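Since the structure comes first, as structure tokens, the remarks are kept for the end.
Laboratory data are not the source of any read-out in this text; all were calculated from the coordinates shown. Quick caveat: nothing in here was measured; it's all calculated off a predicted structure. Positions of Cβ are generated from backbone atoms using ideal geometry, with glycine treated the same way; all protein chains shown enter the neighbour counts.
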Amino acid sequence: MTALLISNVILWVIVLALVLVVLALSRQIGVLYERVAPMGALTMDKGPQVGDAAPVMELQDLRGRAVSVGVAGPRSQLIFFMSPTCPVCKKLLPILKSIQGSEGQWVDIVLASDGEMPEHLAFYQKAQLDAFPYVLSTQLGMGFQISKLPYAVLIDEQGVVRGKGLVNSREQLESLFTAKDLGVASAQEYLAGDSGMKQVQVSRKENVNALAG
């Protein structure tokens, strides 16, 4: 009986020790999360720079609709350069649909690629991308000097480039919007020693959660 009691006491001591270890690790993870800033879109040093006027182009999408790029207007424009054979691009398509719901009051999303029409039209239909203009234009890619995918460019209402970079996640896409809100060239530029970027990102996440609810 005594041996059983002692073993139970030892077992509870071990359990409590493990609980304390887990709590300590959780705290350290939280501290690390606060110290490590979220990675924004990776800006490349090619093409029009942030603050430059975007190339003005008049294009047509896969359905024959006119698509103007770089033209001043009432709404901003997010150009998402992609390819049907790019796995990361495909992963981001549902995210773009979600962003269109949460940010659609001020920005239009345009999908951009190049190649043969039949392949892209089949992909467009299979992926149910009817909500987006989808343009095939080598000229557009060359105008922004796109060399890697997926790549996004945010153009404001005056036709000025407000953000650009390689994007692999929702956070990186939204970092372009946040940079525009804060009037900086990139998330990396602002994140050094300031919490404003995190506050704006939290606000966007709350808006997305509210829409989802």
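Give me the percent relative contact order of segment 90-166, please, defined on Cα pairs under 8 angstrom at least 6 residues apart. The partial results should precede the final answer.
Numbers: 56 pairs, mean separation 17.0, N = 77.
It comes to 22 percent, rounded to a whole number.
What does the charge count near Lys180 come to, summing +1 for each Lys or Arg and -1 for each Asp or Glu among other residues with Cβ under 9 Å from its Cβ?
It works out to a net charge of -1.
Classify segment 42-95 as rounded, prolate or oblate, taking a ≥ b ≥ c as the square roots of the eigenvalues of its Cα gyration tensor: rounded when a/c is under 1.5, otherwise prolate if a/b is larger than b/c and oblate if not.
oblate
Taking every pair of Cα atoms in segment 35-179, average 1/r, invert it to obtain the Kirkwood radius, and report Rg/Rh to two decimals.
Looking at segment 35-179, the ratio lands at 0.93.
Among the GluC sites (Glu not before Pro) within segment 124-183, which fall in a DSSP loop and have no more than 15 other Cβ atoms within 10 Å of their own Cβ?
Glu157
Mind jotting down the distance between the C-alpha centroids of segment 86-113 and segment 156-172, whole Å?
So the separation of the two Cα centres works out to 12 Å.
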